[in-house]
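Any read-out appearing in this document is the output of simple, stated calculations on the displayed coordinates, not a laboratory observation. Quick caveat, the model's predicted, so the values are computed rather than measured. Every residue, glycine among them, receives a Cβ derived from its backbone with ideal geometry; neighbour counts consider all protein chains shown.
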Amino acid sequence: MPSIIQDCNRELKKVLHFYPEEQRASVDCMLAQLVCCEIFLIQYPILNHFRGKSSPWYHVQNLRQKLMMRESMKSRFPKTFVELI
């Protein structure tokens, strides 16, 4: 099981390195990471039971929370302020 988690983290790093440093906090990059982790969770449903910080489940929850926070910030603040975040 640890090897599957390591494989997922390896693929996640590939996704991160695909984006330039300044774009790694972008919505596109976060969505790409989310898809990467979701694919592993679909292929290996047993991974849903592992909740450690390096697990795909943890990454998915963390990315979803970040994306929802960004979306709620967009609705509350002007566009220029959200782009600074």
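A few comments on the model shown:
- Residue count, the stretch 44-66 (criterion: under 12 Å from Ile5 (Cα atoms), among the polar types (S, T, N, Q) and part of a helix (DSSP H, G or I)): 1
- Residue list for the stretch 1-26, restricted to those being in contact (Cβ under 8 Å) with a residue 24 or more places away in the chain and surrounded by 12 or more Cβ atoms within 10 Å (Cβ to Cβ): Ile4, Ile5, Asp7, Cys8, Asn9, Glu11, Leu12
- Scanning the stretch 34-51 for residues that are farther than 14 Å from Arg10 by Cβ and in contact (Cβ under 8 Å) with a residue 24 or more places away in the chain yields a total of 5.
- Filter pass, Leu34 being touching a Pro at 6+ places or on another chain (Cβ under 7 Å), in a helix (DSSP H, G or I) and either within 18 Å of Lys53 (Cβ to Cβ) or not basic (Lys, Arg) (or both): no
- Residue in the stretch 38-45 that is farther than 20 Å from Gln65 by Cα and surrounded by fewer than 16 Cβ atoms within 10 Å (Cβ to Cβ) present: yes
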